[in-house]
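Here the structure comes first, spelled out in structure tokens, and everything after it is commentary.
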């Protein structure tokens with residue numbers, strides 16, 4: 001369906017935080033500058049990048065009058081987004097991370113979705129592009145252009161099927177008060193939680209438009225850092241908020257699954273990073289009594305192990321059995337493949 005834009009086409013402001021991305025910045029900015037929708041304001045926020053990114057941003061501003069550059073001291077992703085938001089002039093606001101890129105019609109599709117359904121937020125599907133050569137994946141929220149009401153939005157957000165990612169969305173200026181990013185890891189979650197509990201609907205373009213580059217290999221992804229526990233803390237806040245909307249059970253399920261995943265990572269670490277958080281993780285897992293046969297929130301291969309921990313089995317024994325099971329499974333698969 002083609003949606004007719006107003007005679008004076010809305011201005012879309014796109015905020016791009018930039019930090020140590022020399023190898024990716026040109027691809028990112030070019031994908032924005034070459035959008036089919038041309039009424040754009042592109043704000044590159046140099047977050048005190050120590051490489052050649054500041055000069056690259058300035059060069060782009062010379063080439064395209066729609067591009068503005070902010071140079072600031074390093075303050076992290078959230079602070080960089082906030083600096084960009086503070087100067088936007090657009091009727092709509094979008095975000096792109098500077099090591100990612102987007103399809104040429106991404107903002108056209110998102111804007112048309114907002115206009116068609118009179119929605120304050122529109123969402124597109126996402127490609128996951130692995131730099132280490134793994135096959136491209138997709139995160140799909142909808143296969144067609146559609147709209148969800150407030151109840152559906154909240155249920156899908158609290159159960160994790162509607163992600164908090166900032167960069168696959170377009171926001172109408174009337175929700176700018178909710179777009180303030182904290183200085184922490186997983187900064188998107190608190191913003192999405194505040195936003196989704198205050199809006200009536202969310203539109204979906206149904207298109208695969210955003211490319212999320214995964215720069216880390218599997219070994220790095222398995223490493224544990226203190227910032228990863230912030231996810232658990234944010235999901236605990238989700239549980240508290242979800243209770244008021246009668247979605248506490250799905251929020252608890254998501255918290256339990258994420259707690260189990262982090263517990264697995266901590267158990268693999270020899271250095272003992274975050275081991276002091278294990279009792280809290282076990283409490284979070286035991287909040288939710290997994291249904292061994294029907295639970296769709298849990299991956300099939302982990303369902304039995306999470307079920308055992310949730311019902312009080314010693315976690316070290318359960319995770320040891322899980323490792324043995326995985327080793328046998330991988331060995332059989334390799335023999336089958338050979």
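The values are calculated or read from the model by the stated rules, or taken from the named source; none is laboratory data. A quick note: this is a predicted structure, and the numbers were derived from the prediction, not measured. Here the Cβ is made from the backbone with ideal geometry for all residues, glycine too, and neighbour counts use every protein chain on show.
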Check your understanding: If you go through the range 59-109 one residue at a time, how many are within 18 Å of residue 31 (Cα to Cα), part of a loop (DSSP other than H, G, I, E, B) and within 22 Å of the chain's Cα centre (by Cα)?
Key -> 8
Study note, to complete from the structure: Every listed condition ((1) over 20 Å from residue 231 (Cβ atoms); (2) assigned to a helix (DSSP H, G or I)) holds for residue 195 save (1)
Practice item. Check residue 51 against each of (1) closer than 26 Å to residue 10 by Cβ; (2) touching a helix residue (DSSP H, G or I) at 6+ places or on another chain (Cβ under 8 Å); (3) assigned to a loop (DSSP other than H, G, I, E, B) and name the one condition it does not meet. Key: (1)
Check your understanding: What residue, among those in the range 254-276 that are over 24 Å from the mean Cα position of the chain (by Cα) and in a helix (DSSP H, G or I), is surrounded by the fewest Cβ atoms within 10 Å (Cβ to Cβ)?
Key -> 276
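Quick grid of which residues meet (1) under 20 Å from residue 206 (Cβ atoms); (2) surrounded by fewer than 21 Cβ atoms within 10 Å (Cβ to Cβ):
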site: 66; (1), (2): no, yes
site: 70; (1), (2): no, yes
site: 73; (1), (2): no, yes
site: 81; (1), (2): no, no
site: 86; (1), (2): no, yes
site: 92; (1), (2): yes, no
Revision key, fill the gap. Only unsatisfied item for residue 285, checking (1) crowded, with 17+ Cβ neighbours inside 10 Å; (2) under 27 Å from residue 195 (Cβ atoms); (3) modelled with pLDDT of 85 or more, is (2)
Point to revise | Matching entry among 132, 89, 125 (being in the same structural domain as residue 182 (by TED's automatic domain parsing) and modelled with pLDDT under 95) | key: 132
